[in-house]
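Below: the structure, in structure tokens.
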Amino acid sequence: MSILFTNARLIDPEAGTDSLGWLLIKDGVIAATGSETAMPKADEQVECAGACLAPGIVDIGVKVCEPGERHKESYKSAGLAAAAGGVTTMVTRPDTLPTIDTPEVLSFALRRANEAAPVNVLPMAALTKGREGLEMTEIGFLMDAGAVAFTDCDRVISNTKVFSRALTYARSLGALVIAHPQEPILSEGAAVTSGKFASLRGLPAVTAMAERMGLDRDIALLEMTGAAYHADQITTARALPALERAKRNGLNITAGTSIHHLTLNEMDVANYRTFFKVKPPLRAEDDRQAVIAALRDGTIDVISSMHTPQDEESKRLPYEEAASGAVALETLLPAALRLYHAEDLSLPQLFRAMALNPAKRLGLDAGRLCAGAPADLVLFNPDTPIVLDRFKLKSKSKNTPFDGARMQGKVLGTYVAGQPVFEAP
Amino acid sequence: MTYSHSHLLGIEPLAPPDITAILDLADQYADLNRRDVKHSDALAGLTQINMFFENSTRTQASFELAGKRLGADVMSMAMQASSIKKGETLIDTALTLNAMHPDLLVVRHPHSGAVDLLSEKVNCAVLNAGDGRHEHPTQALLDALTIRRAKGRLHRLNIAICGDIAHSRVARSNIMLLGKMENRVRLIGPPTLMPSGIADFGVEVFEDMQEGLKDVDVVMMLRLQRERMDGGFIPSEREYYHRYGLDAEKLSHAKDDAIVMHPGPMNRGVEIDGELADDINRSVIQQQVEMGVAVRMAAMDLLARNLLARRQAQTGVMV
């Protein structure tokens, strides 16, 4: 079975190119690409009419609420949302009920994922049992069962001794640890970032500096232990010099940021709009700009959706009490394209952060357009205007901050291992 | 001039003419309240529900009295004792209330923004009686009326707000109101009790009381909210009183005719000297309580007029 995509705008993050050409897939992998007029023959041909063809998005940090809260999101609904959003690999979080912290629970989740989700699912496991920050999980067994990384998600392991031992043990197995850099005491109970807006709204706030303090500690532990470490979300200007220095010093460190911190700022919370409550809280515009610049120069490696489904009941509360998080699998690409249309980042730069870098960090072949790479692809038109209607999202939960937003970018088709998993109606 | 909003959720959304409209009407009600027969029928037949999710004696009594003097049917509910303990959400509470057909809803809630949320879900006029650290608009309005009556104007005054600014919704509403009416506002307090980003509020910030009080027309003291202190904002009450408690010596740096205000309840000997608080030549604390009833009458009267006009405009649609 082979498919030839013709007249496509090929977005190659590895080569950093954005050019018209054709791409041939055969038996689930990319067989060849080119720009010549002489094209190979294929069983099927897709005329792209100048639409963009890019490696499918590899999204680190997706919350699927199985086991425990299937009413918020199941593998099926998350998988359909991912396919519709051009996400071909979901790297899922272990902050479920119960926590994914044993090989048994992990196998259950993976079985459900393989049954129900049309895209690739790679599970992460908790670094400590119950994400309580006290005892490390069975990192070896969990890796054997398929865990691709270890994280306590938005919980910070405040016991430094526990964290340093877990990092040391993880290093011996070559396991990647993903942490949430944050000073846990300063950020306790915070709903917004300190500053004029927080004070005007009278909401409990955390200084942006708390992220830098958390990152500084983690970097010191990396120097001690030599572990492989990824910061889930770097969202403030003050944390960037520390990150840049740690990379320069040769530590095994990478960093991500969330699409919401790249495209929204604290003012968007406006009159206590709880769909804009995320963790860490949205930052000042200066921070947003600094994070975009850091993505451009490669200090920040990865863009994630940080897809976090919440039902209406947990959001329709006073701001302090409302749950954090936003669904984003389907809005990740159109939101990221805001950065392209604003000329902040080119399309190859965007796909470097959304596909190539996360794949590389997890040791995957995905995220490339070269021959031999898996045929995980997204075909999209970056210019099509859309008005987002949250009730049309495929996620079971509809908690998006982009409801009613005017965006540009429409996914036309998503392919996983050469098979179409989504085609625009 | 008229008040143009359907709720009174805070000072932030108000324009100067809205503020003046409330104060002008409140002036009339202040006069009514000094007569023997203190009654009007402005709210006759309307239902006012006071929902206090947080303890209050003074504000609740003031709203209750205001409603009764205007002829409304007034009911007060102490919410912390009832449904929220049973896990009912604010939205459920709103739906329950709608079924009772209230016309005016007075709400106090410990969380910032909770009154805004409630106002989106009920079909009556909502008055914010204090939400978290956000706003307490009727307090700012009664302070404004007290100042206007004592000073003869509400503009181009130097006004100092002193004490626990960080935890105070009274301070936030006052900063906004006094700023909108073109006064110079100074904030005085220890830096641990100043909110973040305060430099961008269009106010002057002082850490030294003597310096901050120099030549001010009005000194507003705030209650040191001990119940909100989740740890270590100040070393001790006595050091606080020494550095930030208002006494005759510190007040001598203000203008000779400066007035002293306090939203109550006072901690005598913590933020204000007891004798000074009782000095009828300087302290207008009793007038503040008096103006509180008048301002709440005015606010409810104006909101009821807007509510009835809106209902009339869509006759047959509203219940």
### Task
State the number of residues belonging to the stretch B:186-197 that are facing chain A (nearest Cβ under 8 Å) and more than 20 Å from the chain's Cα centre (by Cα).
2
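Could you count how many residues in the stretch A:8-65 are assigned to a loop (DSSP other than H, G, I, E, B) and not aliphatic (A, V, I, L, M)?
From the stretch A:8-65, those assigned to a loop (DSSP other than H, G, I, E, B) are A:13-16, A:27-28, A:35-43, A:48-51, A:56, A:63-65; that's our starting set.
Add one more test, that the residue is not aliphatic (A, V, I, L, M), and what stays is A:13-14, A:16, A:27-28, A:35-37, A:40-41, A:43, A:48, A:50, A:56, A:63, A:65.
Residues flagged as assigned to a loop (DSSP other than H, G, I, E, B) and not aliphatic (A, V, I, L, M) within the stretch A:8-65 amount to 16.
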### Summary
Checked pairs for the stretch B:1-30, first within 16 Å of B:Arg296 (Cα to Cα) and within 14 Å of another protein chain (Cβ to nearest Cβ), second acidic (Asp, Glu) and assigned to a strand (DSSP E or B), C-beta under 9 Å and 6 or more apart or across chains, list as B:Leu9/B:Asp131; B:Leu9/B:Glu135; B:Gly10/B:Asp131; B:Gly10/B:Glu135; B:Ile11/B:Glu135
### Query
How many residues does the stretch B:19-37 hold that are part of a helix (DSSP H, G or I) and either within 16 Å of the chain's Cα centre (by Cα) or among the β-branched types (Val, Ile, Thr) (or both)?
5
#### Entry: B:Asp143 being within 14 Å of chain A (Cβ to nearest Cβ), surrounded by 24 or more Cβ atoms within 10 Å (Cβ to Cβ) and either at pLDDT below 95 or out of contact with any Asp or Glu (no Cβ under 7 Å at 6 or more places or on another chain) (or both)
no
#### Entry: Per-region count, the stretch A:392-409, residues closer than 17 Å to A:Ala424 by Cα and free of Cβ contacts under 8 Å to residues at least 60 places away in the same chain
1
### Unique match (being among the hydrophobic types (A, V, I, L, M, F, W, C), in contact with a helix residue (DSSP H, G or I) (Cβ under 9 Å, 6 or more places away or on another chain) and within 24 Å of A:His230 (Cα to Cα)) among A:Val105, A:Val119
A:Val119
### Task
Scan the stretch A:102-132 for residues that are in contact (Cβ under 8 Å) with a residue 40 or more places away in the chain, part of a loop (DSSP other than H, G, I, E, B) and not small (Gly, Ala, Ser) and jot them down.
A:Thr102, A:Pro118, A:Val119, A:Met124, A:Leu127
### Message
As an exercise: evaluate B:Arg69 against (1) out of contact with any Ser or Thr (no Cβ under 6 Å at 6 or more places or on another chain); (2) without any contact (Cβ under 8 Å) to a residue 40 or more places away in the chain; (3) of a type in the set (D, E, K, R); (4) more than 23 Å from B:Arg169 (Cα to Cα) and give the number of the one condition it does not meet.
### Response
(2)
### Task
Could you grab me the full set of residues in the stretch B:33-44 that are in contact (Cβ under 8 Å) with a residue 60 or more places away in the chain and farther than 21 Å from B:Leu308 by Cα?
B:Asn33
### Query
Failed condition for B:His101, given (1) closer than 27 Å to B:Gln288 by Cβ; (2) touching a residue at least 40 places away in the same chain (Cβ under 8 Å), with all others met?
(1)
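Quick check on the stretch B:205-216. Is at least one of its residues within 14 Å of chain A (Cβ to nearest Cβ) and under 23 Å from the mean Cα position of the chain (by Cα)? Can you show your working first?
Just the residues of the stretch B:205-216 that are within 14 Å of chain A (Cβ to nearest Cβ), to begin with: B:205.
This time we only want the ones that are under 23 Å from the mean Cα position of the chain (by Cα), so: B:205.
Among the residues of the stretch B:205-216, at least one is within 14 Å of chain A (Cβ to nearest Cβ) and under 23 Å from the mean Cα position of the chain (by Cα), which makes the answer yes.
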#### Entry: Selection status of B:Arg149, surrounded by fewer than 24 Cβ atoms within 10 Å (Cβ to Cβ) and free of Cβ contacts under 8 Å to residues at least 60 places away in the same chain
no
### Task
Report yes if B:His101 is in contact with a strand residue (DSSP E or B) (Cβ under 8 Å, 6 or more places away or on another chain), within 14 Å of chain A (Cβ to nearest Cβ) and closer than 30 Å to B:Asn33 by Cα, otherwise no.
no
### Query
So which pairs qualify, if the first residue must be in the stretch A:190-214 and within 7 Å of chain B (Cβ to nearest Cβ), the second must be assigned to a loop (DSSP other than H, G, I, E, B) and of a type in the set (A, V, I, L, M), the Cβ gap must be under 6 Å, and the two must be at least 6 apart or on different chains?
A:Leu203/A:Ala191; A:Ala205/A:Ala190
### Query
Do the conditions hold for A:Gly174, that is, is it more than 14 Å from chain B (Cβ to nearest Cβ) and surrounded by fewer than 17 Cβ atoms within 10 Å (Cβ to Cβ)?
yes
### Query
How about the stretch B:179-194: which of its residues are in contact with a His (Cβ under 9 Å, 6 or more places away or on another chain) and part of a helix (DSSP H, G or I)?
B:Leu193
### Task
Out of A:Glu266, A:Glu321, A:Glu313, report the one residue that is modelled with pLDDT of 95 or more and either within 14 Å of chain B (Cβ to nearest Cβ) or in contact with a helix residue (DSSP H, G or I) (Cβ under 7 Å, 6 or more places away or on another chain) (or both).
A:Glu266
## Note on the structure
A:Leu186 meets each of (1) of a type outside the set (Gly, Ala, Ser); (2) in a loop (DSSP other than H, G, I, E, B); (3) more than 10 Å from chain B (Cβ to nearest Cβ); (4) crowded, with 20+ Cβ neighbours inside 10 Å with one exception, condition (4)
### Task
Look through the stretch B:106-140, keep the residues that are under 10 Å from B:Ala94 (Cβ atoms) and assigned to a helix (DSSP H, G or I), and return whichever of them is nearest to the other protein chains (Cβ to nearest Cβ).
B:Leu117
### Query
Looking at the stretch B:81-98, which of its residues are modelled with pLDDT under 80 and within 14 Å of chain A (Cβ to nearest Cβ)?
B:Ile84, B:Gly87, B:Glu88
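Do we have any residue at all in the stretch B:199-218 that's in a strand (DSSP E or B), in contact with a helix residue (DSSP H, G or I) (Cβ under 7 Å, 6 or more places away or on another chain) and closer than 26 Å to B:Pro13 by Cα?
yes
The rows are residues; the columns are (1) surrounded by fewer than 20 Cβ atoms within 10 Å (Cβ to Cβ); (2) touching a residue at least 40 places away in the same chain (Cβ under 8 Å); (3) out of contact with any helix residue (DSSP H, G or I) (no Cβ under 8 Å at 6 or more places or on another chain).
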| residue | (1), (2), (3) |
| --- | --- |
| A:Ala326 | no, yes, no |
| A:Pro334 | no, yes, yes |
| A:Leu337 | no, yes, no |
| A:Glu343 | yes, no, yes |
| A:Phe351 | no, yes, yes |
| A:Met354 | no, yes, no |
| A:Asn357 | no, yes, yes |
| A:Ala366 | no, yes, no |
| A:Leu369 | no, yes, yes |
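Do you know which residues across the stretch A:216-241 are of a type in the set (A, V, I, L, M, F, W, C) and under 23 Å from A:Asp297 (Cβ atoms)?
A:Ile219, A:Leu222, A:Ala228, A:Ala231, A:Ile234, A:Ala237, A:Ala239, A:Leu240
Listed here are the residues, each with its yes/no results for (1) within 14 Å of another protein chain (Cβ to nearest Cβ); (2) over 18 Å from the mean Cα position of the chain (by Cα); (3) within 18 Å of A:Ala54 (Cβ to Cβ).
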site: A:Ile292; (1), (2), (3): no, no, no
site: A:Asp297; (1), (2), (3): no, yes, no
site: A:Met306; (1), (2), (3): no, no, no
site: A:Ala336; (1), (2), (3): no, no, yes
site: A:Leu345; (1), (2), (3): no, no, yes
site: A:Met354; (1), (2), (3): no, no, yes
site: A:Gly363; (1), (2), (3): no, no, no
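The values are calculated or read from the model by the stated rules, or taken from the named source; none is laboratory data. Predicted model, so just to flag it, every value in this text is computed and none were measured. Note: ideal-geometry Cβ built from the backbone for every residue, glycine included; neighbour counts use all protein chains shown.
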